[in-house]
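Notes to accompany the following structure.
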Amino acid sequence: MPAGSIISRPLFRRETNAPLRAKETEVNTMRRPLVAGNWKMNGDLQLVMQVEECLAEAELGHLDVVICPPFPYLSSFTSDDIAIGGQNLSQYESGAHTGEVSGKMLKAVGCDYVIIGHSERRADNFETNALVADKVERALADELTPLLCVGEPLEIREAGELFEFIAAQLDAVIEHIGIQDMAKLVIAYEPVWAIGTGKTATGEQAQEVHKFIREHLAKRDAGIAENMQILYGGSVKASNAAELFAQPDVDGGLIGGASLSPQDFLGICQAAK
Ligand code: PEP
């Protein structure tokens with residue numbers, strides 16, 4: 001198909017009744033890997049088709065695959081093998097909020113997930129921990145699974161304040177929605193210094209923080225901590241994904257730049273075991 005062609009696909013054909021993950025209280029679950037692509041403000045209708053075609057030919061039944069394209073492309077995804085998610089939602093249910101998109105709207109076009117608290121939104125749109133917590137609550141009310149992003153800027157890491165910083169990001173949400181509802185989230189650890197920079201955390205650096213996140217949750221509920229899917233994000237590529245995903249507390253990835261190449265994204269999905 002020539003670049004710029006419009007792909008005509010039926011709207012709203014996707015079923016959106018996938019239940020949120022059940023609340024778990026026992027410490028015994030094998031966590032399923034999840035790889036999510038965050039296209040940010042990139043991509044086009046042709047990429048929707050290319051990604052669907054590329055992933056359709058692969059055996060990816062062992063993991064959850066999620067694509068979070070810009071809002072206008074959400075309804076163009078038709079594959080039942082790929083879940084879709086928004087990159088943001090409003091903290092409000094509806095109303096006079098020009099330019100905003102509600103959780104119900106995301107659900108209506110087939111989303112099961114929504115990214116909340118991405119560092120680019122925290123920086124560009126001044127999203128505070130409190131606002132992020134409100135958005136998580138809103139997403140849950142609309143039966144979307146929040147992909148909650150946490151992660152430290154370089155200066156925080158260098159100042160030795162990494163763990164306090166991540167704990168504060170998590171606690172704002174836990175205290176707002178309660179620990180039991182944390183079972184309905186996926187957490188993405190995304191060190192800000194690794195996002196879009198080509199600098200990836202080493203497997204050891206990622207594992208250290210993922211373990212901290214799991215232990216932090218475990219102080220309140222060991223079952224929820226054990227079952228939590230914790231993704232790593234920050235310059236993941238097909239070439240470094242296997243090392244990152246091999247870490248015991250890394251359950252997959254949130255992928256920015258590399259999700260714009262269907263072949264690279266497929267390679268990353270295949271690295272998730
Ligand atoms: C992201 O934006 O969530 C991300 C991880 O980006 P990148 O993979 O490009 O670093």
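In terms of the Cα gyration tensor, with a ≥ b ≥ c the square roots of its eigenvalues, is segment 81-120 rounded because a/c is under 1.5, prolate because a/b exceeds b/c, or oblate? Oblate shape, in that a/c is at least 1.5 and b/c is the bigger or equal ratio. Distances between placed amide hydrogens fall under 5 Å for N88 paired with I115, all partners being 5 or more residues away or on another chain. Rounded, prolate or oblate, given the Cα gyration tensor of segment 118-273, with a/c below 1.5 counting as rounded? In terms of gyration-tensor shape, rounded.
Converting phi to 3J(HN,Hα) with the Karplus coefficients 6.51, -1.76 and 1.60 and the offset θ = phi - 60°, segment 265-271 yields 5, 4, x, 5, 4, 5, 7 Hz in sequence order, with x at every glycine or proline.
Under 5 Å from the amide H of I67 lie the amide H atoms of G37, A83, I84, G85, each residue being 5 or more positions distant or on a separate chain, with H modelled from the backbone and absent for Pro and chain starts. Its Cα centre serving as origin, segment 114-273 has a Cβ charge dipole (Lys and Arg +1, Asp and Glu -1) of approximately 360 debye.
For segment 55-66, putting each phi into the Karplus relation 6.51 cos²θ - 1.76 cosθ + 1.60 with θ = phi - 60° gives couplings of 6, 5, 7, 9, 8, 10, x, 7, 9, 8, 10, 10 Hz, in residue order, rounded to whole numbers and with x for Gly and Pro. Lysine pairs in the chain whose alpha-carbon atoms fall under 14 angstrom of each other, counting only those eight or more residues apart or on distinct chains, come to 5.
Ordering F126, F163, F245 by accessible surface, largest first, gives F126, F163, F245; the 1.4 Å probe counts only protein heavy atoms, with every chain in place. By the gyration tensor of its Cα atoms, with a ≥ b ≥ c the square roots of the eigenvalues, what is the shape of segment 199-273: rounded for a/c under 1.5, prolate for a/b over b/c, or oblate? It is prolate, given that a/c is not under 1.5 and a/b is the larger ratio.
Could you give me D for the chain, from Stokes-Einstein at 10 °C and 1.306 mPa s, where the hydrodynamic radius is the Kirkwood radius over C-alpha pairs? Units µm² s⁻¹, please. Write down the numbers at each step before the final one.
Values: Rh = 18.6 Å.
D, rounded to a whole number, is 85 µm²/s.
Taking amide hydrogens as placed 1.01 Å from N in the peptide plane, the amide H of A188 sits under 5 Å from those of L148, C149, V150, L231, each at least 5 positions away in sequence or on another chain. Note: relative contact order over the chain, using C-alpha pairs below 8 Å and six or more positions apart, is 23 percent.
Can you tell me the dipole magnitude for the chain around its Cα centre, using point charges on the Cβ only (Lys, Arg +1; Asp, Glu -1), in Debye to the nearest 20? Write down the numbers at each step before the final one.
Details: 23 positive and 39 negative charges, 83 e Å.
Rounded to the nearest 20 debye, it is 400 debye.
With the simple spin-label model, which puts each label point 7 Å out from Cα in the Cβ direction, the Y92 to Q46 separation comes to 3.8 nm. Here the Karplus curve 6.51 cos²θ - 1.76 cosθ + 1.60, taken at θ = phi - 60°, turns the phi angles of segment 127-136 into couplings of 7, 8, 4, 5, 5, 4, 5, 4, 5, 4 Hz, with x standing for Gly and Pro.
The values are calculated or read from the model by the stated rules, or taken from the named source; none is laboratory data. Since we're looking at a predicted model, the values are computed, not measured. When we count neighbours, we look across all protein chains shown, and the Cβ atoms used for this are built from the backbone with ideal geometry, even at glycine. Protein only, heavy atoms only, side chains kept; ligands, DNA and RNA dropped before computing areas. Shrake-Rupley method; radii C 1.70, N 1.55, O 1.52, S 1.80 Å.
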